[in-house]
Amino acid sequence: MPDTANAAPPAHNRRGMVLILSSPSGAGKTTLSRMMLADRSLGLELSVSVTTRARRSSEVDGVHYRFLDKARFEAMRRGGELLESAEVHDNFYGTPRAPAAAAMAAGRDMMFDIDYQGARQVRAALGEDVVSVFILPPSMAELRARLERRAEDSRETIDRRLEAARREIERWRDYDYVVVNRDLQACYGELLAILAAERLRKKRAAPAVEAFVAGLLAG
């Protein structure tokens, strides 16, 4: 596995960024995002989305999602409290604006686990502060197998998710990076490499580098 210390955020002051992970349901983005968040050396924070869908037995309110009724969701959307919102499988999802704005202003990086509709809206709102990654399954057969192994959805729901997956996969060109999740550890390593490279981009590190270079040349 790659040395995760290489992806650690620099100690200097800089504007944070938003790392978006998207994939069809079952392709692995939730597992991969949890792996990255579990590595404290990466210093990532998770943007907890709000949703109107029912909570699954394996989910914790406020950790995986904030579960709301439709009236509260609509009030947040009307009030401009959501950075993005979308309807997926007859349910609504959205990303609260305030936590992301506060994190970036403080130089912290935030991870978003959202679909292509949300990714497009966040990109439009935040521009160069966004780095987006689309995660592909190795095959549709493997995607179905993963959904079936999860044992949380009916066959009818799985069929709907697979049909939606085909539409989502066609959106891969909208993303900055695309990785194929054939092997979980290998895919995780690729995400670490993307994170490390993006944190070193001149547009993010320039203020600190300018100060360092000024001191370097004055010595």
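Within segment 176-185, the set of residues being touching a strand residue (DSSP E or B) at 6+ places or on another chain (Cβ under 9 Å) and either under 19 Å from L37 (Cα atoms) or without any contact (Cβ under 8 Å) to a residue 12 or more places away in the chain (or both) comprises V179, N181. Looking across segment 20-41 at every residue that is crowded, with 20+ Cβ neighbours inside 10 Å and touching a Ser or Thr at 6+ places or on another chain (Cβ under 6 Å), the one that is nearest to E84 (Cα to Cα) is identified as I20. Beta carbons closer than 8 Å, at least 6 apart along the sequence or on distinct chains, never pair a first residue in segment 40-51 that is without any contact (Cβ under 8 Å) to a residue 12 or more places away in the chain with a second that is β-branched (V, I, T). Which members of segment 130-182 meet the condition of being touching a Gly at 6+ places or on another chain (Cβ under 8 Å) and β-branched (V, I, T)? I135 - this is the single residue of segment 130-182 that is touching a Gly at 6+ places or on another chain (Cβ under 8 Å) and β-branched (V, I, T). Scanning segment 179-192 for residues that are surrounded by 13 or more Cβ atoms within 10 Å (Cβ to Cβ) and touching a helix residue (DSSP H, G or I) at 6+ places or on another chain (Cβ under 8 Å) returns V179, V180, N181, C187, Y188, L191, L192. Residues that are hydroxyl-bearing (S, T, Y) and part of a strand (DSSP E or B) within segment 30-60 comprise just one, T51. State whether one or more residues within segment 194-208 are under 18 Å from the mean Cα position of the chain (by Cα), under 15 Å from F134 (Cα atoms) and part of a helix (DSSP H, G or I). Checking segment 194-208: at least one residue is under 18 Å from the mean Cα position of the chain (by Cα), under 15 Å from F134 (Cα atoms) and part of a helix (DSSP H, G or I). Which of (1) touching a helix residue (DSSP H, G or I) at 6+ places or on another chain (Cβ under 9 Å); (2) under 26 Å from G16 (Cα atoms) does L162 not meet, given it meets every other one? The number of the failed condition is (2).
Kindly provide the set of residues from segment 209-219 that are surrounded by 12 or more Cβ atoms within 10 Å (Cβ to Cβ) and under 31 Å from the mean Cα position of the chain (by Cα), ordered by number.
Scanning segment 209-219 gives a single hit, V209.
Taking into account only those residues within segment 54-75 that are basic (K, R) and closer than 19 Å to R150 by Cβ, which is modelled with the lowest pLDDT? Restricting to residues being basic (K, R) and closer than 19 Å to R150 by Cβ, the top hit is R56.
The values are calculated or read from the model by the stated rules, or taken from the named source; none is laboratory data. All of these numbers come straight from a predicted model, not from anything done at the bench. Positions of Cβ are generated from backbone atoms using ideal geometry, with glycine treated the same way; all protein chains shown enter the neighbour counts.
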